[in-house]
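The block underneath contains the structure these notes are about, expressed in structure tokens.
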Amino acid sequence: MNRIIDALVDIATDASFRSVEVRRAEPEPRGPVLVVANHGGGLGDILTVIAGSRRFPRFLARDIIWKFPIARQVMNAVRAIPVSRRQDHGAEADNTSMFDAAYTGLQEGDLLAIYPEGESVPEPRLAPLRTGAARILLGAWERGVDTAILPMGLHYFDISVLRGRCLVQVGPPVLMSSLVPGLPSDEPLSENNHDAVHALTAVIADRLGDVVAEYADWDQRRRFETAAAVYLIGRPDTTAVSYSELATTAELISRADPDLQRAVTTRVRAYSAQVELLGLPDTEVPDLALTGIQMAGRAARVLAMTPLAVYGALVNGIPMAGLRLISLTGVAPATAASLKPAFALIAFPAAWAALGWWGYRRAGIRGAVAVAATGPAGLAAAIKVAEQGQLLFLVSRAYRRANGTVLEQFEHARQDLVETVGAALATAQPSVTR
């Protein structure tokens, strides 16, 4: 069962993200660990926390998930812990069993994962934390467990788009034993010591804030990441930029002098206008910078994969169309980030199972395995050809449109943006690393 779950998680992650980069401050500690992560990406946050953890986490999740038969089996298989929320049960919500299970898990040396904001946040910034994480830590401490707190910042270029990019920034772990001397101790340290609970919640918020980038809204984040992409790709001998570099640079811009932040926004808009004249939507600018332009090699690879990609588009057509329909519904970004992985997790395996059944009817078990395997292989080729083909088309069109005046204005806007970003970075306040 664990292998099946691992395979399904890999499928959902590959379908949802073009890349998930993990950056660690220190190695993940052994023994009891509580991962605390920001929650702005819906179901996608589960996939990215798994990617950022060396061990498969035991998630604390809403108990209503257990009402669905297949979901209940999956949640039980990964030993998730059900949480009774007042939003779901009103005054009847009771989390006694949840806390007991969390204490027992930490006593057994498990890695638990919780989103202390309590629910998915619609904007790219940290919401006020609830006290559940602190109560779990203090309750475990009372029972003699020195838990490591592991902050995990989840960064997305755009959570609403399919096949976006993500950075998981894992901060340095901190042991409860190092925090206890600073907590109020007029009463015994336990989950019932309200002063200690609130003080520890503030510490968790501070630690999590060190690895979470905060922006006014998603538009500001996209603008600063576009500016970061243009700035980074302009370095000598640079043909590719990792999302980790891009997200870090954008975060530095967000901590720069406010006047220079506004100047960066103005320059980004001017640059994006020039980019659109070349036939490139401004949302494609970071993709161009991240990918690098090696036209001939990329075109050859696209052509080589085209037959398999066409097959993959045919056999995976219904799930792919379903994902596209979710994008067209206009739902909130966090909602789209939940719907798309959930849909992919169900629809693509169902399509491949249908292929396997067709193969079984014709050649038995071997035929079922062989034919079913063509489903994910074809999907991977279809995604790659679609992404690279679009990129090649946009770049070639931009080259055709680039002429004297347009090219001169584009270069001028690019240089203005690079210089303004450089000035902003010179005033940025670096994050505090403990």
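The values are calculated or read from the model by the stated rules, or taken from the named source; none is laboratory data. Bear in mind that the values here come from a model prediction, so they are computed numbers and not experimental data. Counting neighbours? That spans all protein chains shown, and the Cβs are built from the backbone with ideal geometry, glycine included. Side chains included, ligands, DNA and RNA excluded: accessible areas come from the protein's heavy atoms. Shrake-Rupley method; radii C 1.70, N 1.55, O 1.52, S 1.80 Å.
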Discussion item. Being free of Cβ contacts under 8 Å to residues at least 40 places away in the same chain, open to solvent by less than 30 Å² (accessible area, probe 1.4 Å), part of a helix (DSSP H, G or I) and over 25 Å from ASP6 (Cβ atoms) is the requirement here; does GLY364 meet it?
Written reply: yes
Fill in: Residue check for VAL49: more than 29 Å from LEU189 (Cβ to Cβ), part of a helix (DSSP H, G or I) and among the aliphatic types (A, V, I, L, M)
no
Response to the item:
Residue hits (segment 198-217; touching an Asp or Glu at 6+ places or on another chain (Cβ under 7 Å) and surrounded by 16 or more Cβ atoms within 10 Å (Cβ to Cβ)) are ALA213
Item to complete: Tally the residues that are open to solvent by 50 Å² or more (accessible area, probe 1.4 Å), among the charged types (D, E, K, R) and not in a helix (DSSP H, G or I), restricting the search to segment 67-114.
Response: 3
Discussion item. I need a count of the residues in segment 18-51 that are within 19 Å of GLY164 (Cα to Cα), open to solvent by 20 Å² or more (accessible area, probe 1.4 Å) and hydrophobic (A, V, I, L, M, F, W, C).
Written reply: 6
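Can you confirm whether ARG165 is in a strand (DSSP E or B), in contact (Cβ under 8 Å) with a residue 60 or more places away in the chain and in contact with a Ser or Thr (Cβ under 9 Å, 6 or more places away or on another chain)?
On the way: in a strand (DSSP E or B): yes; in contact (Cβ under 8 Å) with a residue 60 or more places away in the chain: yes; in contact with a Ser or Thr (Cβ under 9 Å, 6 or more places away or on another chain): yes.
Yes: the conditions hold for ARG165.
Answer yes or no as to whether ALA216 is at pLDDT below 90 and touching a Pro at 6+ places or on another chain (Cβ under 6 Å).
Values: at pLDDT below 90: yes; touching a Pro at 6+ places or on another chain (Cβ under 6 Å): no.
Taking the combined requirement at face value, the residue does not satisfy it.
Residues are listed down the side, and each one gets a yes or a no for (1) part of a helix (DSSP H, G or I); (2) among the charged types (D, E, K, R); (3) modelled with pLDDT under 70; (4) touching a Ser or Thr at 6+ places or on another chain (Cβ under 9 Å):
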site	(1), (2), (3), (4)
THR266	yes, no, no, yes
TYR271	yes, no, no, yes
ALA296	yes, no, yes, no
ARG301	yes, yes, no, no
ALA304	yes, no, no, no
VAL310	yes, no, no, no
PRO319	yes, no, no, no
LEU323	yes, no, no, no
ALA334	yes, no, yes, yes
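Restrict the check to segment 133-144 and report whether at least one residue is free of Cβ contacts under 8 Å to residues at least 60 places away in the same chain, over 13 Å from the mean Cα position of the chain (by Cα), surrounded by fewer than 22 Cβ atoms within 10 Å (Cβ to Cβ) and part of a loop (DSSP other than H, G, I, E, B). Give the steps one after another, and end with the answer.
Of segment 133-144, the ones free of Cβ contacts under 8 Å to residues at least 60 places away in the same chain are 139, 141-144.
Checking which are over 13 Å from the mean Cα position of the chain (by Cα) leaves us with 139, 141-144.
From what is left, the residues that are surrounded by fewer than 22 Cβ atoms within 10 Å (Cβ to Cβ) are 139, 142-144.
Imposing the further condition that a residue be part of a loop (DSSP other than H, G, I, E, B) reduces the set to 143-144.
For segment 133-144, residues free of Cβ contacts under 8 Å to residues at least 60 places away in the same chain, over 13 Å from the mean Cα position of the chain (by Cα), surrounded by fewer than 22 Cβ atoms within 10 Å (Cβ to Cβ) and part of a loop (DSSP other than H, G, I, E, B): present.
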